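Every read-out reported here was derived from the displayed coordinates using simple, explicitly stated rules and does not represent laboratory data. Since we're looking at a predicted model, the values are computed, not measured. Neighbour counts are summed over all protein chains in view; Cβ atoms, including those assigned to glycine, are modelled from backbone coordinates with ideal geometry.
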Ligand SMILES: *[C@@H]1O[C@H](CO)[C@@H](O)[C@H](O)[C@H]1NC(C)=O
Ligand SMILES: *[C@@H]1O[C@H](CO)[C@@H](O)[C@H](O)[C@H]1NC(C)=O
Ligand SMILES: *[C@@H]1O[C@H](CO)[C@@H](O)[C@H](O)[C@H]1NC(C)=O
Ligand SMILES: *[C@@H]1O[C@H](CO)[C@@H](O)[C@H](O)[C@H]1NC(C)=O
Ligand SMILES: [Cu+2]
């Protein structure tokens, strides 16, 4: 009763709409979250509800562009919410019009489970520690009952288990032991898997393998300083200081950034994490659209051990946990180095109270090596130009139980956008008996520690707008001329060319990678023809880490990630086509027209010269090795989106060179170097004190 009164008074207090956001794509502010929560609570007054999602409902592409470019009305500020009501199956979702404090579109969605939140995850460990059946299994594994505080679990989504389907909200608890709270639990996994109902807070079952594997008696394999120093000491390592004495080259107005010739909006949500929108390139005064929206829309980490219940390990981390919900607060000099601008992220807790993740998004610049260089051999390379590159990095890091995913959206000065992902953190591990063969599905990475094979596959969602509306997508293959050696057309047999295959229908777009033809994919505008090449303006997706999903067709992981079977899936634009594994991913069976399977349909939709959405699957297949343990050195994944036939020349010529000497200039100097032209005075010789000298410059002459 007291709780209800409190809610009522909150509602009256916030009867004023919150201040209007700077930009229609800005994430919800704390005041907006509060306003939405109080409207929802008012609607459900007297009922026991908990909040699962409160997030911006973005305006449609059309209404956004009309506002942004055609003097159209500002799109209304809408929030999408998902709540759970105690004792009621399924979820309830709806939309709040924040400006008018008005709730609409209320829907009770049955037969689904909502995304897991950090609060759900934290609850699981205390549930298993108290459960007598878990205590008994721990005892059988070698953990006495008075040591239950040393038992930990990583709460995982259950995947899909036919025994319960999605009727209850479940997690599978990956069990571990820490002799000491500072020890790494991953060298000491337990062999059984409790299934926990996170709404009733009980262990409903324990999966126990037929072959038991007791707790390892090995010392823990640790990585914090005390252990490492005792074992090896630390290497001699000198710091690298980054100095940006004149500050940064980007400007921000709220969440809109301008850097070099790029301008775009930086958004963030509970699910996709960073969302980049309205990406344009200022081509000498003409602000040319490139991408309307870009994000990581889903991922899957399917494990490859077919025994026991390991098939259930195939987390769809974005749809099941959320790259936003699990995002880390970043710290200066460690996660990001240099001169940094941060943006915070705001979510609603289970209670509806807003919470803030400080420094969720890091924005900074980094030196990016050489952008271009040329020297003339005729005068001993005195005639020379060299321009160093700077890149703009928009980054976040999220933790999916054991793994860390570091996401870097890099903007390059030549108009390219490079997505780098670094995989680090800790392998998911399972206990192995002495002498047990862990292959071929896993590797013993430490005594009694079996790390299973798995893939990390991501779905990059691109809503393109290359030089405006009306885009097409093509595979671009490099092929040998089909004419025979000695033929009229190819007499010497050396002919080859790039072959573009424009997708007319959705079915044609469902393609795999092909290393033999250096396959890339072009997103192009057939209505914007380059005056020099005669080819349409395009952005090329150059992505070579493109393994196929290795789980069989019709397997549960494959059904739940219908996007992962192809490297490329192109569908027609629709504002609700956001999440290719569906809106509600946890415990989905993958049956039926979920997500992209429904959008693909019979594949006959025409996708040429129209508004399309591109879902590109990329990632790695990870066969673990001892070097990945106890903590994995970051493994890089990278892909590039580069302008092709978009500009009429190298678009980065207008960057001041780090060094430029013409032939006539070199003659005048007669062998001397013009030290005044050396811009970088911070480099010096490693083994002398001379700084910014002729020898120490980045463009030294022999
Ligand atoms: C809750 O919202 C719905 C949809 O707008 C409306 O029909 C209903 O009357 C509201 N209920 C309360 C108690 O405000
Ligand atoms: C609301 O429901 C939860 C279970 O979902 C329960 O733990 C809590 O005690 C309930 N609160 C009230 C005020 O009934
Ligand atoms: C470099 O940075 C460290 C801090 O990380 C600082 O102690 C040191 O003085 C700096 N060195 C120079 C030459 O600025
Ligand atoms: C290049 O270097 C060689 C050897 O040092 C010298 O003989 C020659 O004159 C140089 N050429 C020019 C154009 O400076
Ligand atoms: Cu991995």
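Could you state the principal axis extents of the C-alpha atoms in region 207-280, from the largest down, to the nearest angstrom?
59, 45, 17
Using 0.36 nm times the number of residues separating residue 606 and residue 399, minus their current alpha carbon distance, what extension gain do you get?
Numbers: separation 207, 0.36 × 207 = 74.52 nm, distance 3.90 nm.
Between residue 606 and residue 399, full extension yields an extra 70.6 nm.
Can you give me the Rg/Rh ratio for region 396-471, using Cα atoms for both radii and the Kirkwood formula for Rh?
Values: Rg = 19.3 Å, Rh = 15.9 Å.
For region 396-471, the value is 1.21.
Please list 259-269, 355-365, 224-234, 100-110 highest first by mean number of surrounding beta-carbon atoms within 10 Å per residue.
Details: 259-269: 21.6, 355-365: 19.4, 224-234: 10.0, 100-110: 12.8.
Taking the mean over residues of other Cβ atoms within 10 Å, the ranking is 259-269, 355-365, 100-110, 224-234.
With the contact rule set at Cα under 8 Å and sequence spacing of 6 or more, what percent relative contact order holds for region 80-203? Intermediate values should be presented prior to the final figure.
Details: 192 pairs, mean separation 24.7, N = 124.
Rounded, it is 20 percent for region 80-203.
Got a sec? Which residues in region 547-585 would a label at residue 621 touch, if it sits 7 Å along Cα→Cβ and we count backbone N under 12 Å?
Residues 547-552 qualify, since their backbone N sits under 12 Å from the label point.
Along Cα→Cβ, 7 Å out, is where each label goes; now give me the distance between the ones at residue 575 and residue 686 in nm to one decimal.
5.8
Label residue 351 and residue 47 with points 7 Å out from Cα along Cα→Cβ: what is the distance between them in nm?
2.2
Report, in degrees rounded to the nearest 10, the 0 to 90 angle that the Cα long axis of helix 2-13 makes with the longest principal axis of the chain.
30
Got a sec? How would 53, 393, 623 order by Cβ neighbour count within 10 Å, fewest to most?
Values: 53 22, 393 19, 623 16.
Fewest-to-most ranking of 53, 393, 623: 623, 393, 53.
For a test of the definition: using alpha carbon positions, the gyration tensor, and the 1.5 limit on a/c, classify region 473-577 as rounded, prolate or oblate. Show your work: numbers first, answer last.
Values: a/c = 2.94, a/b = 1.49, b/c = 1.98.
Here region 473-577 falls in the oblate category.
Could you grab the relative contact order for the chain? Cα pairs under 8 Å, six or more apart, rounded to a whole percent. List each step's numbers first, then the result.
Numbers: 1605 pairs, mean separation 84.9, N = 702.
Result for the chain is 12 percent.
For region 89-148, what is Rg from Cα atoms divided by 2.2 N^0.38 Å, rounded to two decimals? Walk me through the numbers before you get to the answer.
On the way: Rg = 20.2 Å, N = 60, 2.2 N^0.38 = 10.4 Å.
Its radius of gyration relative to the 2.2 N^0.38 Å reference: 1.94.
Given a Förster distance of 22 Å, report the FRET efficiency between residue 133 and residue 433 from their Cβ-Cβ distance, rounded to the nearest 0.05.
Numbers: r = 23 Å, r/R0 = 1.05.
The value I calculate is 0.45.
For region 317-453, what does the equivalent ellipsoid look like in terms of its semi-axes, each the square root of 5 times an eigenvalue of the Cα gyration tensor, given largest first in whole Å? Don't skip to the answer; put the middle values down first.
Working: eigenvalues 306, 154, 25 Å².
Values for region 317-453, descending: 39, 28, 11 Å.
State the three equivalent ellipsoid semi-axes of the chain, derived from the C-alpha gyration tensor as the square roots of 5 times its eigenvalues, in descending order and whole Å.
Values: eigenvalues 397, 222, 163 Å².
One finds semi-axes of 45, 33, 29 Å for the chain.
Can you give the FRET efficiency for residue 477 and residue 529, using 1/(1 + (r/R0)^6), R0 = 22 Å, r = Cβ-Cβ distance, to the nearest 0.05?
Working: r = 22 Å, r/R0 = 0.98.
The value I calculate is 0.50.
Can you give the Kirkwood hydrodynamic radius of region 397-555 from its Cα pairs, in Å with one decimal? Please list the in-between numbers first.
Values: mean 1/r = 0.0498 Å⁻¹.
For region 397-555, the Kirkwood estimate is 20.1 Å.
Taking 0.36 nm per residue of separation and subtracting the Cα-Cα distance, what length does fully extending residue 145 through residue 381 add? Walk me through the numbers on the way to the answer.
Numbers: separation 236, 0.36 × 236 = 84.96 nm, distance 7.55 nm.
The span from residue 145 to residue 381 would gain 77.4 nm if fully extended.
Please give, to one decimal in nm, the separation of the simple spin-label points placed at residue 211 and residue 230, each 7 Å out from Cα toward the Cβ.
Roughly 3.3 nm, to one decimal.
When the label point is put 7 Å from the Cα of residue 344 along its Cα-to-beta-carbon vector, which residues of region 352-371 have a backbone N closer than 19 Å?
352-363
May I ask you to order 84-93, 400-409 by the average number of other C-beta atoms within 10 Å around their residues, highest value first?
Working: 84-93: 16.5, 400-409: 20.3.
Peptide ranking by packing, descending: 400-409, 84-93.
Over all directions, average the projected area of the Cα convex hull of region 39-181 and note it in nm².
Values: hull surface 51.8 nm².
Projected area, direction-averaged: 13.0 nm².
State the percent of C-alpha pairs, over all pairs in region 519-620, separated by a distance greater than 22 angstrom.
Values: 2045 of 5151 pairs.
For region 519-620, the fraction of Cα-Cα distances above 22 Å is 40 percent.
Quick one: helix 132-141 against the long Cα principal axis of the chain, what's the angle to the nearest 10°, folded into 0 to 90?
70
Going 7 Å from the Cα of residue 286 in the Cα-to-Cβ direction, what parts of region 522-541 have a backbone nitrogen less than 16 Å from that spot?
Output list for this probe position: 525-539.
Using only Cα atoms and rounding to the nearest 10 degrees, what angle (0 to 90) does helix 30-43 make with the longest principal axis of the chain?
That works out to roughly 40 degrees.
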